[in-house]
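**Student:** This is the structure I want to talk about, given as structure tokens.
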Amino acid sequence: MDFREAVQEYAEEPLPLQIILNLLRDYKRPYDKINELVKKGELTPIKNGLYIPGPKLRIPGPEAFLVANHLWGPSYVSLESALSYWTFIPERVYEISSVTIKSTKIYKSQERRYSYFHAPLPYYSFGIKSVSLTPKQVALIASPEKALCDKIILTSGIFLRSTKQAKEFLIDDLRIDEELLQKLNVKEISSWIADAPKKSSLQMLVKTLSSL
């Protein structure tokens, strides 16, 4: 069995070094073989010890959101990336923004930028959804409510002090349609505030959403 056939089972997820070594267990010098596969375009390193199928294999690889989950974890996709995914903002987002309990981090891989922002526990663990991107790929993505809260909490300089200011931020700055804002689960957001940073801003968000 050649490498292309062997890797098919794992191709739709980022491949840790341990899996690659297992696939190459019949080689006396598996690390030399890995270097050869990278040079031939059959493997692509996305960070030290983590790979995706290379372009020469011409098989489906992991989606960018799943790559983001694996590059720096635990983490989940959030902020503009999640808001765009849920079609709450009109822009298509090319940088993948995530939230993590680890330190802030930036990766550049495959001509894409992955940014990670720190959030404390237990706030971090709220509002995370497991989303099926393909039949074989499931990624962790913030709910629309959590992505919006993360945007407020993790963006420097955003402090919501009045409903007027909050509406301008939501409708004018983020360009979220008012009908979508009305569908957000205010009760759920309220339940997070006690454990969240920027409590007063989230309280103003809840007050504003409730008035729409």
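Quick note: the coordinates plus some simple rules give every number you see, no bench work behind them. Predicted model, so just to flag it, every value in this text is computed and none were measured. Ideal geometry is used to build each Cβ from the backbone, glycine not excepted, and the neighbour counts take in all protein chains shown.
**Student:** Taking Cα pairs under 8 Å and at least six residues apart, what relative contact order does the stretch 168-212 come out at, in percent? Intermediate results must be reported in sequence, preceding the final value.
**Tutor:** Numbers: 21 pairs, mean separation 18.3, N = 45.
With pairs under 8 Å counted, the relative contact order is 41 percent.
**Student:** OK, next. Can you tell me the relative contact order of the stretch 3-57? Whole percent, Cα pairs under 8 Å, sequence separation 6 or more.
**Tutor:** 36 percent
**Student:** Give or take rounding to whole Å, what are the principal axis extents of the alpha carbon atoms in the stretch 138-212, in descending order?
**Tutor:** 37, 25, 23
**Student:** Near the amide H of Tyr51, under 5 Å away, which other amide H atoms are found, from residues 5 or more places off or on another chain, if H is placed in the peptide plane?
**Tutor:** Under 5 Å from the amide H of Tyr51: Leu15, Ile46.
**Student:** Same structure again: Nearest 5 percent is fine: what portion of the DSSP beta bridges confined to the chain is antiparallel?
**Tutor:** 75 percent
**Student:** What are the ³J(HN,Hα) couplings of the stretch 44-50, residue after residue, when phi is run through the Karplus curve with 6.51, -1.76, 1.60 and θ = phi - 60°? Round to Hz, x for glycine and proline.
**Tutor:** 10, x, 10, 6, 4, x, 9
**Student:** Still on this model: Just to confirm a number: summing +1 for Lys and Arg and -1 for Asp and Glu over residues other than Ser211 whose beta-carbon lies under 13 angstrom from that of Ser211, what do you get?
**Tutor:** Numbers: positive: Lys164, Lys167, Lys207; negative: Glu178.
Counting the neighbours of Ser211, the net charge comes to +2.
**Student:** Related question: Compute the signed sum of charges (Lys and Arg +1, Asp and Glu -1) over the other residues within less than 14 Å, Cβ to Cβ, of Phe117.
**Tutor:** That sum, taken over residues with Cβ under 14 Å, equals +3.
**Student:** Taking H as built 1.01 Å from N, whose amide H comes closer than 5 Å to the amide H of Leu43, not counting residues under 5 places away?
**Tutor:** Placed amide hydrogens put Val38, Gly54 under 5 Å from Leu43.
**Student:** Further question on the same structure: How many angstrom lie between the Cα centre of the stretch 90-114 and the Cα centre of the stretch 1-74?
**Tutor:** The stretch 90-114 and the stretch 1-74 have Cα centres separated by 21 Å.
**Student:** What relative contact order, as a whole-number percentage, does the chain give when Cα pairs under 8 Å and 6 or more residues apart are counted?
**Tutor:** Value for the chain: 15 percent.
**Student:** Now for a separate question. Would you tally the net charge around Leu43, using a Cβ to Cβ cut-off of less than 12 Å, leaving Leu43 out, and scoring K and R as +1, D and E as -1?
**Tutor:** Numbers: positive: Arg4, Lys33, Lys39, Lys40, Lys56; negative: Glu36, Glu42.
That works out to +3.
**Student:** If we count other beta carbons within 10 Å of each Cβ, what is the order of Tyr76, Tyr114, Tyr10, Tyr31, fewest first?
**Tutor:** Tyr31, Tyr10, Tyr114, Tyr76
**Student:** Setting aside same-chain residues fewer than 8 positions from Lys105, which lysines have a Cα under 26 Å from its Cα?
**Tutor:** Within the straight-line limit of under 26 Å, Lys105 reaches these lysines: Lys47, Lys129, Lys146, Lys151, Lys198, Lys199.
**Student:** Continuing with the same structure: Which of rounded, prolate or oblate describes the stretch 3-57 when judged by the alpha-carbon gyration tensor and an a/c cut-off of 1.5?
**Tutor:** Values: a/c = 1.26, a/b = 1.19, b/c = 1.06.
Rounded is the answer for the stretch 3-57, as its axis ratio a/c remains below 1.5.
**Student:** Ranked by Cβ crowding within 10 angstrom, fewest neighbours first, how are Lys146, Lys164 ordered?
**Tutor:** Fewest to most other Cβ atoms nearby, the residues stand as Lys164, Lys146.
**Student:** Search the structure for amide H atoms under 5 Å from the amide H of Leu133, placed 1.01 Å from N in the peptide plane, and list their residues when 5 or more places away or on another chain.
**Tutor:** Val138, Ala139
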